[in-house]
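The values are calculated or read from the model by the stated rules, or taken from the named source; none is laboratory data. Since the structure is predicted, the reported quantities are computational estimates derived from the model, not experimental observations. Ideal geometry is used to build each Cβ from the backbone, glycine not excepted, and the neighbour counts take in all protein chains shown.
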Amino acid sequence: MKRVGIFLPMIIPGDHLNGGVPKVFINTLGGLRDHGLEVFGIVHQESTAVRKELDRRNIPYISVSFEVPTLNRDFQGLTFIELLFKALRVLSSIPKIRKAIRQENADCILAHDAIAALYLAFFPVDVRALYLHSTRPFTGSVSRLFLRISSFRITHYLCPTEYIKNSIDNLNVRRFPRSLVIDTPVEIDHNLLEMGADGSCKGARGQVSLVYIGRISPIKNLISMVELLSHLIRSHFQNVSLHIYGEANNDAQIDYLEKVKQKISSNDLEDVVVFKGFSSDPASDFRKYDASIILSEGEALPMAGIESLIAGTPVIAYDRPGLNDLICQSSEGVLFQPGEYEIVSQWLREGPHSPDTAKLKNRFSISRWTKNALEFLK
């Protein structure tokens, strides 16, 4: 039996699992295990939310304390001394990770981020694939060098969308690994498999209930959601509401949450926008609403969008990479540019119907992803 490790170099604190990347990581481990492989995860010691979910699913893992550098945040705007100390902390993490992985006697490792591949490049281990979940184009000299070093031992890039695959292929770098597009694996609530969508929408009657489920973060553009809501009210949607599910988990997110609340207050929308806290059952929550909203400037392939569509709830989203890979017809949602809120109003007036959930459940099933992944694990 092949023993496979998957390395997630992220810190996800707290008790709740937020974000699509750690969900894909855990779904990958679970899918490979269910297909007969012996698996284990490699996670940061402070990723309490990830460790809690792995424990819930009875998936073995090792936890290590290591530096988690991110290209955009940690290597831009640093002084030489700050960069030097950052590099030293990264280098000191290498023997910790190496020791932990060697003790597991893995046949091969999957890198669930370019940072994971960067660490794995420093010691002899069979690294079969790098999961690229970022929409950044890797066009700068620093990011290209970063990607080249990270790819030293990689045999395949796994890309959730054609956009990411093309952005890698267009770099025209010799000896880069082969790029493959594999749809994101989603844990599907088995109760939903027997439930059909009712196909109804209140938008045609001047009523609409909207929902956002995700992180409270500036990159999610919650303030733009408030602006969209104001436009809908001016467009004679009298009974409109927006429920926001999510938590602010650090100082930056807490500050942003206050800005969102100020925007809500200045637009007199306190009775229209409701904060619901963390959603422990997104599938069931999505089904309560007419449409979900995702206004990020870019997504690899938004987990919340997939979960919403599988639950039978169409998605209102910016026309951006990842989002336009997901929303391909009007029954699945509507795409628009920032500020073009009338497009959304018109889509709602036409009474959008629910997406083809059976097709989506098959496309994003863990089983389908795992069968594709097994091909390069042979």
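Odds and ends about this structure:
- Among the residues of region 341-371, the one identified as over 20 Å from the mean Cα position of the chain (by Cα), surrounded by fewer than 19 Cβ atoms within 10 Å (Cβ to Cβ), under 30 Å from residue 180 (Cα atoms) and touching a residue at least 40 places away in the same chain (Cβ under 8 Å) is 371.
- Of the criteria (1) modelled with pLDDT of 75 or more; (2) in contact with a Phe, Trp or Tyr (Cβ under 7 Å, 6 or more places away or on another chain), which one residue 142 fails: (1)
- Among the candidates 134, 150, 167, residue that is of a type in the set (Gly, Ala, Ser), modelled with pLDDT under 75 and in the same structural domain as residue 20 (by TED's automatic domain parsing): 134
- Of all the listed residues (226, 240), the sole one being of a type in the set (Val, Ile, Thr), touching a residue at least 24 places away in the same chain (Cβ under 8 Å) and in a strand (DSSP E or B) is 240.
- Here residue 292 fulfils each of the conditions (1) free of Cβ contacts under 8 Å to residues at least 40 places away in the same chain; (2) more than 25 Å from residue 33 (Cβ to Cβ) apart from (1).
- Beta carbons closer than 7 Å, at least 6 apart along the sequence or on distinct chains, pair a first residue in region 244-273 that is on the phi > 0 side of the Ramachandran plot with a second that is of a type in the set (D, E, K, R) for 246/215.
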